[in-house]
Amino acid sequence: MGQGRGSAIVATVLLFCLLLHCDTAHATTYAVGGARGWTLDVVGWPYGKRFMAGDILVFNYNAAAHDVVSVNKVGYNTCTMPRGASKVYHTGKDQIRLVKGQNFFICSFPGHCQSGMKIAITAM
């Protein structure tokens with residue numbers, strides 16, 4: 001009886017690992033802004049796309065001229081980096097995995113967010 005239980009536990013763990021792998025295998029990778037990349041007036045880029053939690057956004061940009069900041073809704077609406085509610089990326093080839101719900105990103109360089117260098121994405 002003990003050996004049967006052990007086999008069942010191993011089978012359950014393997015099934016769980018397989019399900020995790022399948023979820024990751026279906027993630028879609030998006031280049032933010034398409035061929036133009038992460039640049040001014042990219043605010044409309046997400047329209048018409050369906051995003052899922054786990055999808056990956058790739059932000060391609062000149063790191064000397066831009067950055068990517070993950071902010072909350074207030075930061076997105078006001079083009080500011082709320083204290084403790086922001087994470088800054090600055091490699092020029094940032095890959096960010098979407099979380100379920102709302103995801104907001106801005107460029108913190110002066111005037112860039114106000115010029116449409118921001119996106120809001122809701123991931124299912």
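Some points to look at:
- Just so you know, in the range 91-105 the residues that are closer than 16 Å to residue 46 by Cβ and out of contact with any Asp or Glu (no Cβ under 9 Å at 6 or more places or on another chain) include one that is surrounded by the fewest Cβ atoms within 10 Å (Cβ to Cβ), and it is 101.
- In the range 106-124, residue surrounded by the fewest Cβ atoms within 10 Å (Cβ to Cβ) [restricted to those that are touching a residue at least 60 places away in the same chain (Cβ under 8 Å) and more than 20 Å from residue 48 (Cβ to Cβ)]: 115
- Beta carbons closer than 7 Å, at least 6 apart along the sequence or on distinct chains, pair a first residue in the range 76-88 that is in contact (Cβ under 8 Å) with a residue 40 or more places away in the chain with a second that is part of a strand (DSSP E or B) for 76/104; 76/106; 76/118; 76/120.
- The condition of being in contact with a strand residue (DSSP E or B) (Cβ under 6 Å, 6 or more places away or on another chain), aliphatic (A, V, I, L, M) and either modelled with pLDDT under 95 or surrounded by 17 or more Cβ atoms within 10 Å (Cβ to Cβ) (or both) holds for only one of 58, 42, 88, 68, that being 68.
- The requirement of being in contact with a Leu (Cβ under 9 Å, 6 or more places away or on another chain) and part of a strand (DSSP E or B) is fulfilled somewhere in the range 40-52, by at least one residue.
- Residue in the range 22-39 that is nearest to residue 102 (Cα to Cα), counting only those that are part of a helix (DSSP H, G or I) and at pLDDT 95 or above: 34
The values are calculated or read from the model by the stated rules, or taken from the named source; none is laboratory data. For clarity, every value in this text was computed on a predicted model and none was experimentally measured. Positions of Cβ are backbone-derived with ideal geometry, glycine not excepted, and every protein chain shown enters the neighbour counts.
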